[in-house]
1. Are any residues in region 271-291 modelled with pLDDT of 95 or more, out of contact with any helix residue (DSSP H, G or I) (no Cβ under 7 Å at 6 or more places or on another chain) and either more than 30 Å from residue 24 (Cα to Cα) or not in a loop (DSSP other than H, G, I, E, B) (or both), and if so, which ones?
2. Does region 20-29 contain at least one residue that is farther than 24 Å from residue 124 by Cβ and assigned to a loop (DSSP other than H, G, I, E, B)?
3. Taking residue 350 and the conditions (1) surrounded by 16 or more Cβ atoms within 10 Å (Cβ to Cβ); (2) part of a helix (DSSP H, G or I); (3) touching a residue at least 40 places away in the same chain (Cβ under 8 Å), which numbered condition does it fall short on, given that it satisfies the others?
4. State yes or no: is residue 133 part of a helix (DSSP H, G or I) and on the phi < 0 side of the Ramachandran plot?
5. Please go through region 108-130 and pick out each residue that is in a helix (DSSP H, G or I), under 17 Å from residue 223 (Cβ atoms) and touching a helix residue (DSSP H, G or I) at 6+ places or on another chain (Cβ under 7 Å).
6. Based on this model, can you work out whether residue 164 counts as modelled with pLDDT under 95 and closer than 20 Å to residue 254 by Cβ?
7. Against the condition in contact (Cβ under 8 Å) with a residue 60 or more places away in the chain, under 24 Å from residue 331 (Cβ atoms) and assigned to a helix (DSSP H, G or I), how does residue 103 come out, does it pass?
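The values are calculated or read from the model by the stated rules, or taken from the named source; none is laboratory data. Here the structure is a predicted model, which means the values were calculated and not measured. Reconstructed Cβ throughout: ideal geometry from the backbone, glycine too, with neighbour counts over all protein chains shown.
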């Protein structure tokens with residue numbers, strides 16, 4: 001029986017991972033970590049009986065200890081708790097479904113402990129890919145992508161690893177504002193931005209999809225996952241979200257992975273790789289689909305994508321400034337403190353004021369994040 005630990009078990013990816021566990025019946029969940037949703041976490045603990053559970057907030061952890069006093073689970077908290085879940089001896093795979101740069105240190109800890117990583121935390125590779133990928137190779141650890149796009153690329157590379165990649169074609173739905181002009185986006189609301197046409201995701205990633213920043217983060221992640229240069233990663237808008245991404249080889253052949261918009265598929269593929277398992281749910285019906293269309297992304301209106309390429313080209317700690325600025329800007333937009341179009345403005349300003357570090361350590365990455373937060377709070 002495969003044994004896993006999950007960081008972010010109460011979020012969108014975490015709960016869908018547990019859906020896969022329920023359906024397959026041969027995975028043991030040995031550790032769970034959540035933010036502050038202890039009501040759902042308690043339910044998960046009672047259902048899956050992990051040996052360890054972590055909560056970010058210390059008071060919430062104490063509350064959860066009382067609620068689970070009749071169980072044998074150990075409750076921990078804070079970063080130390082996340083690290084304990086990452087390193088728990090019983091697990092083989094760590095699912096990193098936590099949001100934000102909190103995922104960096106636990107991912108590093110898990111790699112050093114010899115755990116394979118089912119990666120759903122973009123920020124880990126965006127900001128620390130230069131540290132993570134060599135460390136994984138050194139420890140003979142496999143990084144298994146959970147994002148639908150990166151999973152599609154990973155699947156399209158099966159059996160082709162010795163052949164040269166000419167281009168990665170990273171698909172995007174275009175989000176809820178596809179085709180809109182900057183003028184039309186001036187006064188969009190939080191509710192407007194959260195209406196993704198195809199995918200059901202968490203609030204932060206849904207806003208990132210609306211700005212196309214999410215696709216920019218995926219470009220950065222793809223560079224590290226698949227060892228390709230930025231100019232070989234092309235974003236293609238595919239509004240139906242049927243083609244999840246493609247790989248073009250040097251002979252011109254293009255291999256794609258298609259399917260319905262169901263995150264359980266890439267999650268399950270990562271957990272059981274290289275095997276495939278039956279999965280319940282809707283199947284792609286080409287007779288109903290009729291057509292698949294493609295568009296070029298509008299990087300003038302959705303400047304977050306262009307800024308991501310710029311950050312990746314500059315390298316060093318600039319992607320960290322990009323990511324940190326976006327995290328804080330999205331939080332401010334969700335709190336209705338800034339407008340939608342101010343998100344890329346804040347990102348660009350933080351990139352410009354970033355004190356460049358060519359090969360940042362984890363401490364320098366976190367310092368860059370803190371500096372970006374301080375800068376934003378001082379101006380917005």
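1. 272
2. Yes, because at least one residue in region 20-29 is farther than 24 Å from residue 124 by Cβ and assigned to a loop (DSSP other than H, G, I, E, B).
3. (3)
4. It is true that residue 133 is part of a helix (DSSP H, G or I) and on the phi < 0 side of the Ramachandran plot.
5. Once the filter is applied, which keeps residues that are in a helix (DSSP H, G or I), under 17 Å from residue 223 (Cβ atoms) and touching a helix residue (DSSP H, G or I) at 6+ places or on another chain (Cβ under 7 Å), region 108-130 yields 122, 123, 124, 125, 126, 127, 128, 129.
6. Answer is yes for this residue.
7. It is true that residue 103 is in contact (Cβ under 8 Å) with a residue 60 or more places away in the chain, under 24 Å from residue 331 (Cβ atoms) and assigned to a helix (DSSP H, G or I).
Every residue, every condition in (1) buried (at least 18 other Cβ atoms within 10 Å of the Cβ); (2) in contact (Cβ under 8 Å) with a residue 60 or more places away in the chain; (3) within 27 Å of residue 132 (Cα to Cα); (4) in contact with a strand residue (DSSP E or B) (Cβ under 7 Å, 6 or more places away or on another chain), yes or no:
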residue: 246; (1), (2), (3), (4): yes, yes, yes, yes
residue: 257; (1), (2), (3), (4): yes, yes, yes, yes
residue: 271; (1), (2), (3), (4): yes, yes, yes, yes
residue: 286; (1), (2), (3), (4): no, no, no, no
residue: 293; (1), (2), (3), (4): no, no, no, no
residue: 334; (1), (2), (3), (4): no, yes, no, no
